[in-house]
Amino acid sequence: MTAGDTTMDRDHSDRPGSTAVPTWFGPVDRSLFGWVHIPETPDGRGAVLCPSIGLEGEASQFAFRSLAAGLADAGCAAIRFDYDGTGDSAGELSDPDRLKAWLDGIAAAIALLREAGATQIHLVGARLGAAFAVRAAEIDGAVESLALWYPWTKGSQFLRYQRALRRMYAVSDDPVSADGGTEIPGFVLDAAVTVDLKDLDGSATGPDVPSTVLIIDAADPKSGVVLRPGAGPDHAVRRAGTDADELFGVELMRAAVSRQDIDWIIESILSTATPTPPPTSGIRPTIRSSTEMAAPGGGTVIERPVFFGTRRLFGIVTEPADVGGDDGSDDAPRPGRARIRAAGGPVPRFASAIFLNAGSLHHVGPGRQWVELGRRWAAAGVRCLRMDLGGVGESPLVGPPGELSSYPPTGLGDVAEGVHMMAPDDPREVVLLGLCSGAYHSLLAAPSTHVGGVAVLNPLRLPSALVQQPGSMGDLIAGAPMGNWSGGSDEPPVAARPKRRFLGSLRDSGALKPISRHIPDRVWWAANTLSHASRPVDALQRVVGSGSSLFVILGPDEWPGIGRGRRHELQRVARNGVFSMALVPNLDHNFHVASGRREALQVLDEWVLGSGPGGRTTPSGVTFIG
């Protein structure tokens, strides 16, 4: 198995009968990333899957993977992809003409399928992607059918809902709407995008929409798409769904797939008019296995998808354009090279970085931050891998069919496979980075993989193998039930005396959160000591003791469980110079709020790229230990 292998074979597909291949397509200088699902026996149909944007787009990844595989197994070629400036595609969300670029992306995906041999095109749109699909179908004029999955018919509906979510997740009042822009959870839409979305009307009622429109909507018949008599499609079929938030909501740890919805979409598309058969050669899409693109902040990088390890885990490698070739050959990702100094910049602290999944979110990271960080760091000389652990994203599933696994039992081995691929000779050149469950897996893997550094953000729980007495880490089941308090461990609960149970339940219940900042550290120390036998500091000490540099970034919700009442213990750990911690007051757990996200990423940038404590430009309000 080579690092440059870019074909997902049938064994890696969710089910037999089709092959899935990652590719870049569209403009060479501004490539879009997608997956083409190729049927073994194509019937001429082709489906383009149009996601939403923001968290809804990220949450749809697994549902779209399942739908595309099902369509291809049934004979319908399918492509799922990321719009310009989203996901793994080139560009940034702040670039101009976003709506036009997103509609152009759908057109490029349609063109890719037609050039590959598809003779009949269907569009499937989820949430805001449904409105995009309607507009794209009207522009194309030859789309056979539309399937609208819990659709927003107007961009203004999407904006109102996202603003409400932002207020729910905010830890501070930091509006960015003074210039007419909109902050949504995890992302910032500028004024131009906001205006375009406010004006977007995706009601499937115009004269140019396809003759067949399929709708999966909420149980309330008054919501979603409005079909006026005498206008729009000749044949419209509506099916009541359950709850859109279960599929495309912001609780990514609970992302689900509705098998009933997927099967109904597949059956409905297959029931349309019989298409002209494809060429005898079958569906043959043009595959681009690597691409060169501009990095945020300047510079040029090369990206390529890779499958690696014994279980063919998936990842995307990003490296400076002057390091690896773009021919997709077996030398990618060029492991073992010395660190590179970017023009005018410092020598990075590490040669390679590995980004791990946050919850059940795939490798793009929260708010697409792993993509932007990886490209920026690669331009500065750090080779980067954003990988999917088994059970998450594009890697093979490890749990029950149709379910993601945020804490897979294979997590430790998966991280080790990534470290070996990036630095088989010297793992000390690698830094692991993760948020939430990614932080857990980074801490868990550090002692056994011997990586040079670990950067963790908002860990919710700490590995019991690090908190308890040293033992066999291989015996740890990483998928053990997660505790509900910051800084907890995954160790099994033990019997506790009533007073300890009361103190623990009071602390864990969240009842103290409104006044937590006013509780003295000594009181926190007493509560932590009396209610729990293990100390989070022990886990951090064990990582540092293994020889890894450790940087921990916490928001106010995570600080009480790890740091409150333990500042002196943390300062003792920091005395050796390889541990430091940053408390970011505006940082929410999921990176949904822009102000805290910017501050956290600024200090993370400085730690990885080598500016060190002497070169810090500390954001206002950020507190450091070490």
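The values are calculated or read from the model by the stated rules, or taken from the named source; none is laboratory data. The shown structure was predicted, so the numbers you read here are calculated from the model rather than taken from an experiment. Every residue, glycine among them, receives a Cβ derived from its backbone with ideal geometry; neighbour counts consider all protein chains shown. The protein model used for the area step is the full one, side chains on, heavy atoms only, and it has no ligands, DNA or RNA in it. Shrake-Rupley method; radii C 1.70, N 1.55, O 1.52, S 1.80 Å.
Some notes on this structure:
- Criterion: in contact with a Gly (Cβ under 6 Å, 6 or more places away or on another chain), open to solvent by 10 Å² or more (accessible area, probe 1.4 Å), within 21 Å of ARG312 (Cβ to Cβ) and among the aliphatic types (A, V, I, L, M) - qualifying residue of LEU412, LEU397, LEU389, LEU385: LEU397
- Candidates in the range 567-591 are the residues that are part of a loop (DSSP other than H, G, I, E, B) and either of a type in the set (Val, Ile, Thr) or open to solvent by less than 10 Å² (accessible area, probe 1.4 Å) (or both); of these, the one that is farthest from GLY365 (Cα to Cα) is VAL578.
- Residue tally, condition of a type in the set (Gly, Ala, Ser) and modelled with pLDDT of 90 or more, over the range 596-626: 2
Quick grid of which residues meet (1) closer than 18 Å to PHE33 by Cα; (2) open to solvent by 20 Å² or more (accessible area, probe 1.4 Å); (3) at pLDDT 50 or above; (4) not polar (S, T, N, Q):
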{"site": "ASP326", "(1), (2), (3), (4)": "yes, yes, no, yes"}
{"site": "PRO348", "(1), (2), (3), (4)": "no, no, yes, yes"}
{"site": "HIS362", "(1), (2), (3), (4)": "yes, no, yes, yes"}
{"site": "GLY365", "(1), (2), (3), (4)": "yes, no, yes, yes"}
{"site": "ALA379", "(1), (2), (3), (4)": "no, yes, yes, yes"}
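- Residue in the range 68-79 that is closer than 16 Å to ALA133 by Cβ, of a type in the set (A, V, I, L, M) and part of a strand (DSSP E or B) present: yes
- Residues that are open to solvent by less than 10 Å² (accessible area, probe 1.4 Å) and among the hydroxyl-bearing types (Ser, Thr, Tyr) were ranked within the range 17-39; the one that is nearest to ARG304 (Cα to Cα) is THR23.
Results for (1) open to solvent by less than 20 Å² (accessible area, probe 1.4 Å); (2) modelled with pLDDT under 75; (3) part of a loop (DSSP other than H, G, I, E, B); (4) within 20 Å of VAL593 (Cβ to Cβ), shown as yes or no for each residue.
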site: LEU148; (1), (2), (3), (4): yes, no, no, no
site: TRP152; (1), (2), (3), (4): no, no, yes, no
site: GLN157; (1), (2), (3), (4): no, no, no, no
site: GLY206; (1), (2), (3), (4): yes, yes, yes, no
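- Failed condition for GLU267, given (1) at pLDDT 90 or above; (2) crowded, with 17+ Cβ neighbours inside 10 Å; (3) more than 29 Å from the chain's Cα centre (by Cα): (2)
- Single residue of the range 572-595 satisfying the filter (among the aliphatic types (A, V, I, L, M) and in contact with a Ser or Thr (Cβ under 8 Å, 6 or more places away or on another chain)) that is modelled with the lowest pLDDT: ALA574
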